[in-house]
Amino acid sequence: HERLSSVCVGARKHCNPGSVVCIRAVSALRSSSQCSLYIRHTLFHTIRYDYFSYYSLSRGSIQKGEDTMKLLVSAFLALALNAAIMVTAKSEGSTIISHENCDANALPAEKTNISTLDNGKFYKICPGSHQLSDGKTFATLGQPRCGDGSNFAFYATRPEQTQKEDKILIEFSGGGACWDMGTCAMQSFMLKMPPFDFVLGMSCSDLGKIADASSGWDILCARTVGQIDFTEYNTVVVPYCTQDVHLGDAEAQYTGLNVRHVGAHNTHRTLQWVFDNFENPAHIVLTGCSAGGTPLSVVYHMINEHYKAKGHDVEVEVIADSPVYLTPPNFMENNFHNWNHETVMKSIGFDFDTHKEDMHYATAVLDYVLDKSDDNDGFGLFTHNVDGVSLLYYKTMGGEG
């Protein structure tokens, strides 16, 4: 924690004064089910927050809020849905797209335009599998799935009122990580889609009303935080079901357990839908908690480089809530390769081969991304003086001290 705090403050040299803001909570304790800014979506967990002042995001800076988070109630149960398979396929250039691995209640991402969706309703959207024209070889990052091989989808909603300009909130869900037989067996319930289908057809204000009646349960897209009115934003929620901090590209064979660490596939195909549907958005906010906060620097770079290549100057801001940058030597040398982050990291130009076994890997990634960031963008980090989750994982990863 101390090393990361020093790195984060030092990172200001990369940008103009005020464009990168790094913060940490004082006298705050994070336990196994807590995050700081919004709901942490964890399957079968009771979700709660500590009482402490939080930090809210405003354009270009992070401002301290005076509100406090309240205890959250138990997570919702998923809706019971009939099992069926949506089968669609189309040829797109030299790529064949199949939606065979999509739930019956999910819309095919490659055939769904944001303009065709009703305002103020959550939809479940499934990115298809992408095969090359030979019908045998999958395209790079072309197999979105959950870790147990089940179907993946993301959730999206347009704002309830039509806006003059497109603004987007993208939230990456958290929920731990696994890298060997022992940890993946323990986390096996997190290798399937979390039960978020209860939001289908509902609006952010609907969920906000439920939150208000539920002793502090909250949802970001129903709120105004700092100077940002998130009710004006298109919202995309990226579930987490691969246990590789959203960036893996591997099918791991553990003793008696096969795990698809294909988070990079899910991330890439979700972002592709965003790129296809929002040609030149005015503002993008990226956020995520724990394992959902960990990949945000990489996701920021992917988004920033895409829009710059299109000639668009899109303002992007990031707030990573309790990210877990844990890279002890034992894990880096013996287990990190099981996720195969190499594919996505090399795709953004990062020198993965030099740093892949380096305990300062997270520092190198942050430095690389911030060196290439835009001066009008902001990066915020919220972490804790005492983080029981990080301590537990650090020890499990073989960390010492």
Heavy-atom accessible surface of segment 126-172: percent carbon and sulfur, 1.4 Å: 41 percent
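Can you order the peptides 242-249, 393-400, 339-346, 155-162 by their average number of other Cβ atoms within 10 Å per residue, highest first? Kindly include the intermediate steps, with their values, before the conclusion.
Details: 242-249: 28.0, 393-400: 16.0, 339-346: 20.5, 155-162: 18.6.
In decreasing order of mean packing, 242-249, 393-400, 339-346, 155-162 become 242-249, 339-346, 155-162, 393-400.
Per residue, how much accessible area does segment 182-309 have with a 1.4 Å probe, in Å²?
Details: 3930 Å² over 128 residues.
That works out to 31 Å² for each residue.
Considering only Cα-Cα distances, which of the following residue pairs are longer than 27 Å: K136/K346; K167/K346; K167/K372; K308/K346; K192/K395; K111/K372?
Details: K136/K346 24 Å; K167/K346 29 Å; K167/K372 23 Å; K308/K346 19 Å; K192/K395 25 Å; K111/K372 33 Å.
With Cα atoms farther than 27 Å apart: K167/K346; K111/K372.
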Using a 1.4 Å probe on the protein heavy atoms, what percent of the accessible area of segment 249-401 belongs to carbon and sulfur? 47 percent
Share of accessible surface on carbon and sulfur in segment 180-235, whole %, 1.4 Å probe and ligands ignored, is 54 percent
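Among 259-269, 358-368, 230-240, how do they line up from the highest to the lowest mean number of other beta-carbon atoms within 10 Å?
On the way: 259-269: 27.2, 358-368: 18.9, 230-240: 23.3.
Descending mean neighbour count gives 259-269, 230-240, 358-368.
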All aspartates and glutamates inside 13 Å of K310 as judged from Cα atoms, apart from same-chain residues fewer than 8 positions distant: D276, E279
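Share of antiparallel DSSP beta bridges in segment 166-315, in percent to the nearest 5? Walk me through the numbers on the way to the answer.
Numbers: 7 of 19 bridges.
The antiparallel fraction comes to roughly 35 percent.
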Given a Förster radius of 56 Å and the C-beta distance between E251 and K164 as r, what FRET efficiency does 1/(1 + (r/R0)^6) yield to the nearest 0.05? 0.80
Which one of V369, G311, H355 has its Cα pushed farthest toward the positive end of the charge dipole of segment 279-401, where Lys and Arg give +1 and Asp and Glu give -1 at the Cβ? H355
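The values are calculated or read from the model by the stated rules, or taken from the named source; none is laboratory data. All values derive from a computational prediction rather than experimental measurement. Neighbour counts run over all protein chains shown; Cβ positions are idealised from the backbone, glycine included. Surface areas here come from the heavy atoms of the whole protein model, side chains and all, with no ligands, DNA or RNA. Shrake-Rupley method; radii C 1.70, N 1.55, O 1.52, S 1.80 Å.
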